[in-house]
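To keep things clear, I will list the structure first and then write my remarks on it.
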């Protein structure tokens, strides 16, 4: 007989919310399993049962005003506030904006994805065709008093389309639990740069799940930046569904005292001749925890896969923790796959060298941290966007 | 008597439990170029690092004055601002930090600390261009990350470029000749010689006399077993080249 799990306040609230939304099966499921603990491999370093103590009421419509957390000049901006798609300006050429009911995510055995699927009431849909010139900015906010806000977006890049998509997450200074979802499909030969930046308040909890379906010959670059909420977790589930595609999955955890940031990525090669180069960096300060889990799965038919997974950590205090778990699961026999993980402090010789030229200590540290991060942003051609991201790093360095 | 540019008094330094510098005494007057020669492991490079303020060393006693200012309490950036410059034997490669960004930060940090206005970008570009031309440093090299992918010769020329831009009062050149072919050695030496001035002193550390044919010193000090064993004119370097260091080991003992 199975011993029922002891449910905490957060779980009880979530179960009630699921029941209220008519998701009885999901409510029942959560009652049986509870939130994942460290014994669940995917949540080994981010034990939700311990970390998520309370869940606020489901979000209601909130009047949202004010500038976006990142204001990128020239971008086309669409806002999702408290899960609801807001009215927007005229879409640029090649961009069709719409709405759909429910969540964009596929069915998946993951608690955050399931909660989003059960609770998200609507999805922003973007169809991108041809070469979309301005940066598309999905500005997701959770505003008003503390709220549990599921939000969802589906982005489809037609064959041959190209675009840069920025998503920012922000909101009022309250103990929100935001649970964002994106489903992104790249048609044949499509090219996408997808940047997600969490700039939520420190009191908040930020969850995001991104599903990527990568078509034949497509080219994807992702940049995940965590620089906001006290508890942050971004999950990436990507699948190469056509041959000859390439993807650079990259990301950055920036943690300050008291924060816990987690990027968990699972990249599945279902078709052959695809290459991917996941590169994740983590910088931890104070008593904080930065987590990266990366798994590359190469299915039996995905011959000639070329995949190299890398994590680099930089610890700026003695109390900081950086946890890294790269994994490879390979079922094909003609592939090149590798993984690596490094972690350390700022290089003392480099510090001495910079300081010996008159650069003060704090500024020398800043230069080295920026240098450590530089390659992540190098390929972003849009100057305003590049500057905005650099600004996020500078804000963090200045002790945001 | 005028204040010497650099004065080292009875400097004792250890690393771990081992004493490396065993009572160094050295005076470099304003405008003079002094050479320190000594075999590998005699403590020459340690002296240069200690003067520049590297952390790994324990200073057990002694004093260092730069133009009358006590250095040992200052961190490396404060020493640089006070006018000290160390040209590294092995300049550090720093990926992700653009050379130009670094040069500008270094120049402006020093100006700021001295209460001077920061350089405008055009002024900065002009200064780099004019100093770079003499050292055959082209724009392409400056576009790269700091010292990353530089050849041995390029690294040493980049060190001299920094020296020219920062205009220090006291330059320490640590084995600047190592890893240089004849042409590169000439080029670097010319760069150094162009910076000789009555207001600037230099300490040239080397274990070959060769460099001193190009950068002719006023005084040569022989370093042995962690201290200055003998000092003399530039002919002392030739004597060393002929006889080796063995005689001086006895003098130090």
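Structure notes:
- Test: residue in segment A:36-47 that is in contact with a helix residue (DSSP H, G or I) (Cβ under 6 Å, 6 or more places away or on another chain) and more than 30 Å from residue A:128 (Cβ to Cβ): yes
- The set of residues in segment B:76-125 being facing chain A (nearest Cβ under 7 Å), out of contact with any strand residue (DSSP E or B) (no Cβ under 9 Å at 6 or more places or on another chain) and part of a loop (DSSP other than H, G, I, E, B) is empty.
- Sole exception among (1) within 20 Å of residue B:149 (Cβ to Cβ); (2) at the interface with another protein chain (Cβ under 9 Å from one of its Cβ atoms); (3) buried (at least 16 other Cβ atoms within 10 Å of the Cβ) for residue B:132, by number: (2)
- Test: residue in segment A:327-342 that is surrounded by fewer than 16 Cβ atoms within 10 Å (Cβ to Cβ), within 14 Å of another protein chain (Cβ to nearest Cβ) and in contact (Cβ under 8 Å) with a residue 12 or more places away in the chain: yes
- Restricted to segment A:1-53, and to residues there that are assigned to a loop (DSSP other than H, G, I, E, B) and in contact (Cβ under 8 Å) with a residue 60 or more places away in the chain, the residue that is farthest from residue A:324 (Cα to Cα) is A:21.
- Scanning segment A:103-134 for residues that are in contact with a helix residue (DSSP H, G or I) (Cβ under 6 Å, 6 or more places away or on another chain) and crowded, with 23+ Cβ neighbours inside 10 Å returns A:103, A:105.
- Qualifying residue in segment A:373-381 (condition: assigned to a loop (DSSP other than H, G, I, E, B), surrounded by 14 or more Cβ atoms within 10 Å (Cβ to Cβ) and either under 20 Å from the mean Cα position of the chain (by Cα) or within 11 Å of chain B (Cβ to nearest Cβ) (or both)): yes
- Filtering A:314, A:346 for residues that are within 14 Å of chain B (Cβ to nearest Cβ), in contact (Cβ under 8 Å) with a residue 40 or more places away in the chain, in contact with a helix residue (DSSP H, G or I) (Cβ under 9 Å, 6 or more places away or on another chain) and not in a helix (DSSP H, G or I) leaves a single hit, A:314.
- Residue A:318 satisfies every condition listed in (1) in contact with a strand residue (DSSP E or B) (Cβ under 6 Å, 6 or more places away or on another chain); (2) within 18 Å of residue A:397 (Cα to Cα) except (1).
- Sole residue being at pLDDT 95 or above, part of a loop (DSSP other than H, G, I, E, B), at negative phi and within 14 Å of chain B (Cβ to nearest Cβ), chosen from A:300, A:287, A:357: A:357
The values are calculated or read from the model by the stated rules, or taken from the named source; none is laboratory data. For clarity, every value in this text was computed on a predicted model and none was experimentally measured. Every residue, glycine as well, gets a Cβ built from its backbone with ideal geometry; the counts of neighbours run over all protein chains shown.
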